[in-house]
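Beneath this line is the structure, given in structure tokens, with notes to follow.
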Amino acid sequence: MADRSVHYTVMTLFPEMIEAGLHTSILGKAEENGILRIDTVNIRDYTENKHKRVDDYPYGGGAGMVMQAEPIWHTYEACFGEMLARGERPRLIYLSPQGRVFDQKMADELSKEDELVFLCGHYEGVDERVLEMIVTDTVSIGDYVLTGGELPAMVMIDAIARLIPGVLGNEASWAEDESFRGDLLEYPQYSRPEEFMGRKVPEVLLSGHHARIEEWRREQSVIRTAKMRPDLLEKAELSEKERNLAKKYLQ
Ligand SMILES: C[S@@+](CC[C@H](N)C(=O)[O-])C[C@H]1O[C@@H](n2cnc3c(N)ncnc32)[C@H](O)[C@@H]1O
């Protein structure tokens, strides 16, 4: 049995998207092992009109449709009624291009929560009143507009859940040296064969000399970050030697 069990609820009009994307591979295994449970709730099941309508025209005019407050509120009450009756409320993330931009630090912080709810918008967005009532965090996955919040919810859940201890088989692989840890990108990786179409694996990686391998990897991380994401270097903790190395590669 897992030490800790984490539960995510996704409120959506398209549960099949979430189910197809998240119940497989590493997260699917974590569900089998009881570490993680991801429930999808179809907002359309909580409409009170016979056509199961969930959207309507925006007051004031303008293009597109707006997701109505009522079915979202009913979904929320049905899922969290007991919690609300105790005077508590879940941490509920509304996916929106207007939110704070998601990053590895936010994933780290959210991976400590045992209960999270994701609300996926669609069309032109969601009636503001229900957002005011239930949302605790508004999060964007980047400065572009998608058709719905399902892909952003899946991106967030994937990035968060893989940080829960036990989700990745090998604990070391999520610990220290992945990209964005210490504000550096990860070093290049190689696997068998030793030579591929005339290109050899760097000699040092075959040496078995752990200290030299560590040193080489750290240098490669600094070089790679300087070349690809120089903006990250401002916050990275680098020695003077590493700063000088980075300078050589800044473009
Ligand atoms: C077409 S968008 C609505 C955009 C909205 N009219 C605006 O201009 O801010 C429909 C839904 O997709 C989701 N969405 C779109 N882009 C997103 C992004 N970059 N990050 C998170 N969610 C996004 C949100 O849930 C949003 O309610």
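Read-outs throughout are calculated quantities, based only on the coordinates presented, and are distinct from any laboratory measurement. All values reported here derive from a predicted model rather than from experimental measurement. Note that each Cβ is placed from the backbone with ideal geometry, even for glycine, and that neighbours are counted across all protein chains shown.
With a cut-off of 11 Å between beta carbons, the residues surrounding Val204 carry a summed charge of -2, where Lys and Arg count +1 and Asp and Glu -1. Straightening the chain between Glu240 and Arg91 buys 49.4 nm, computed as 0.36 nm per residue apart minus the Cα-Cα spacing.
What does the highest-first list of 146-156, 56-66 look like by mean Cβ count within 10 Å? Intermediate results must be reported in sequence, preceding the final value.
Numbers: 146-156: 20.2, 56-66: 11.1.
Averaged packing, sorted descending, gives the order 146-156, 56-66.
Think of the range 27-130 as a dipole: +1 on every Lys or Arg Cβ, -1 on every Asp or Glu Cβ, centred on the Cα centre; then among Tyr59, Thr75, Gly87, Tyr59 lies furthest on the positive end. Only Lys, Arg, Asp and Glu carry charge here, each on its Cβ (+1 for the first two, -1 for the last two); on that basis the chain has a dipole of about 820 debye about its Cα centre. When you filter the GluC sites (Glu not before Pro) in the range 76-119 for DSSP loop state and at most 12 other Cβ atoms inside 10 Å of their Cβ, you are left with Glu88. Using the Cβ-Cβ distance between His51 and His7 with R0 set to 35 Å, the FRET efficiency works out to roughly 0.65.
Simple rule: put +1 on each Lys or Arg Cβ and -1 on each Asp or Glu Cβ in the chain, find the dipole, and look at Leu36, Ile160, Leu245; the Cα lying farthest toward the positive end is Leu245. In a DSSP loop and with at most 11 other Cβ atoms within 10 Å, the GluC sites (Glu not before Pro) in the range 209-251 are Glu234, Glu237. For Met65 and Glu19, compute 0.36 nm times the residue count separating them, minus their Cα-Cα distance, and round to one decimal in nm. Length difference between fully extended and current span is 14.0 nm.
Charge dipole of the range 1-84 (Cα centre as origin; +1 on each Lys and Arg Cβ, -1 on each Asp and Glu Cβ, all else neutral): 140 debye, rounded to the nearest 20.
Simple rule: put +1 on each Lys or Arg Cβ and -1 on each Asp or Glu Cβ in the chain, find the dipole, and look at Ser179, His209, Leu110; the Cα lying farthest toward the positive end is His209. Between rounded, prolate and oblate, where does the range 161-249 land on the alpha carbon gyration tensor, with a ≥ b ≥ c its root eigenvalues, rounded for a/c under 1.5, else prolate if a/b exceeds b/c? Taking the square roots of the gyration eigenvalues as a ≥ b ≥ c, the range 161-249 is oblate. Counting only DSSP H runs of at least 4 residues, each contributing -39500 (n - 2.57), and dividing by the residue count of the chain, the helix-based mean residue ellipticity at 222 nm comes to -11000 deg cm²/dmol.
At 0.36 nm per residue, and after removing the present C-alpha to C-alpha distance, how many nm does the segment from Ser207 to Asp103 gain when stretched out fully? Walk me through the numbers on the way to the answer.
Values: separation 104, 0.36 × 104 = 37.44 nm, distance 3.54 nm.
Residue separation times 0.36 nm, minus the Cα-Cα distance, leaves 33.9 nm.
First check a/c for the range 95-148, with a ≥ b ≥ c the square roots of the eigenvalues of its C-alpha gyration tensor; if it is under 1.5, answer rounded, and if not, answer prolate when a/b is larger than b/c or oblate otherwise. Cα axes put the range 95-148 in the oblate bin. Within the chain, DSSP assigns beta bridges of which about 20% are antiparallel (rounded to the nearest 5).
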